[in-house]
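Encoded as structure tokens, the structure appears first; notes follow it.
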Amino acid sequence: MSATIELSPVLASFTDNQLSVPVTGQTIGECLDELVKKLPNLKKLLLDKTGRLMHTYSIYINGESIYPLDMKRPVADGDKINIVFIVTGG
């Protein structure tokens, strides 16, 4: 399936200001794998050692939160996937 990943502007310096990336994949995990292949500087920022999205980010598909994240969640053709940086602190 073909989808588009929209990245948080906080990541612009790691993507040469490319914040919209077309990807293909059947699942969220496959789409994230393709994203970090296209933009390898993002791998250490987005994914932990096991390949899962770090807890400082949230994912939305077509504006709907997919919390808790399921890397095997199917992606439909034309989906818009947003990766949003979560501000944390105390």
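The values are calculated or read from the model by the stated rules, or taken from the named source; none is laboratory data. Just so you know, these numbers come straight off a predicted model, no measurement behind them. Neighbour counts run over all protein chains shown; Cβ positions are idealised from the backbone, glycine included.
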*Do you know which residues across the range 39-53 are more than 14 Å from L11 (Cα to Cα) and surrounded by fewer than 14 Cβ atoms within 10 Å (Cβ to Cβ)?*
D48, K49, T50, G51, R52
*Conditions (1) free of Cβ contacts under 8 Å to residues at least 40 places away in the same chain; (2) of a type in the set (D, E); (3) over 16 Å from L7 (Cα atoms): number failed by D70*: (1)
*Number of the exception - S20 against (1) surrounded by 15 or more Cβ atoms within 10 Å (Cβ to Cβ); (2) among the small types (G, A, S); (3) at pLDDT 95 or above*: (1)
*Considering only residues that are in contact with a Lys or Arg (Cβ under 6 Å, 6 or more places away or on another chain) and assigned to a helix (DSSP H, G or I), look in the range 23-38 and name the one that is surrounded by the fewest Cβ atoms within 10 Å (Cβ to Cβ).*
V36
*asked:* Restricting to the range 74-88, count the residues that are farther than 15 Å from Y57 by Cβ, in a loop (DSSP other than H, G, I, E, B) and out of contact with any helix residue (DSSP H, G or I) (no Cβ under 8 Å at 6 or more places or on another chain).
replied: 4
*asked:* Suppose we keep only residues that are outside any loop (DSSP other than H, G, I, E, B) and in contact with a Phe, Trp or Tyr (Cβ under 7 Å, 6 or more places away or on another chain) within the range 54-69. Which one would you say is surrounded by the fewest Cβ atoms within 10 Å (Cβ to Cβ)?
replied: S58
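State all residues of the range 1-14 that are buried (at least 17 other Cβ atoms within 10 Å of the Cβ) and over 16 Å from N62 (Cα atoms); if no residue qualifies, say none.
L11, F14 - these are the residues of the range 1-14 that are buried (at least 17 other Cβ atoms within 10 Å of the Cβ) and over 16 Å from N62 (Cα atoms).
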